[in-house]
Amino acid sequence: MADSTQIYELVDRSKPLDLNSRYCYMLICTHFNETSIVVELDGQVVAFVSGYRLPECPETLFIWQVAVDSSLRGK
């Protein structure tokens with residue numbers, strides 16, 4: 001949950017991604033932490049992937065958002 005603020009700010013900078021509520025990113029960090037990931041560089045979140053498993057089809061992972069800081073795209 002500690003990363004949720006930085007995730008929110010990263011997605012906010014990553015247009016044209018849809019920005020969800022801060023609460024949504026808190027839920028992703030807690031309820032979907034096994035299927036989502038952050039990448040940190042020097043203590044800052046610079047990339048984020050959120051996903052979840054479909055309850056009726058647990059072998060399927062649905063990727064919701066992918067955000068990469070503009071300074072690291074293409075590397």
For residues that are more than 25 Å from Ser71 (Cα to Cα) and touching a strand residue (DSSP E or B) at 6+ places or on another chain (Cβ under 9 Å), scanning just region 41-59, find the one that is surrounded by the fewest Cβ atoms within 10 Å (Cβ to Cβ). Glu59
What is the residue count in region 8-40 for residues that are of a type outside the set (S, T, N, Q), farther than 20 Å from Leu61 by Cα and open to solvent by less than 90 Å² (accessible area, probe 1.4 Å)? 6
Could you list, in sequence order, all residues of region 30-50 that are outside any strand (DSSP E or B) and hydrophobic (A, V, I, L, M, F, W, C)? Phe32
Here is a check on your reading of the model: is Tyr23 in a helix (DSSP H, G or I) and over 12 Å from the mean Cα position of the chain (by Cα)? yes
Could you tell me which residue of region 54-73 is farthest from Lys15 (Cα to Cα), considering only residues that are within 13 Å of the chain's Cα centre (by Cα) and of a type outside the set (Phe, Trp, Tyr)? Ile63
Condition met for Ala67 (open to solvent by 50 Å² or more (accessible area, probe 1.4 Å), among the small types (Gly, Ala, Ser) and touching a residue at least 24 places away in the same chain (Cβ under 8 Å)): no
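Per-residue answers, yes or no, for (1) on the phi > 0 side of the Ramachandran plot; (2) part of a loop (DSSP other than H, G, I, E, B); (3) over 10 Å from the mean Cα position of the chain (by Cα):
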residue: Tyr8; (1), (2), (3): no, no, no
residue: Lys15; (1), (2), (3): no, yes, yes
residue: Leu19; (1), (2), (3): no, yes, yes
residue: Ile28; (1), (2), (3): no, no, no
residue: Tyr52; (1), (2), (3): no, no, yes
residue: Lys75; (1), (2), (3): no, yes, yes
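The values are calculated or read from the model by the stated rules, or taken from the named source; none is laboratory data. Here the structure is a predicted model, which means the values were calculated and not measured. Methodologically, a virtual Cβ is constructed for each residue, glycine included, from the backbone with ideal geometry; neighbour enumeration extends over all protein chains shown. The accessibility values were calculated without ligands, DNA or RNA, using every heavy atom of the protein model including side chains. Shrake-Rupley method; radii C 1.70, N 1.55, O 1.52, S 1.80 Å.
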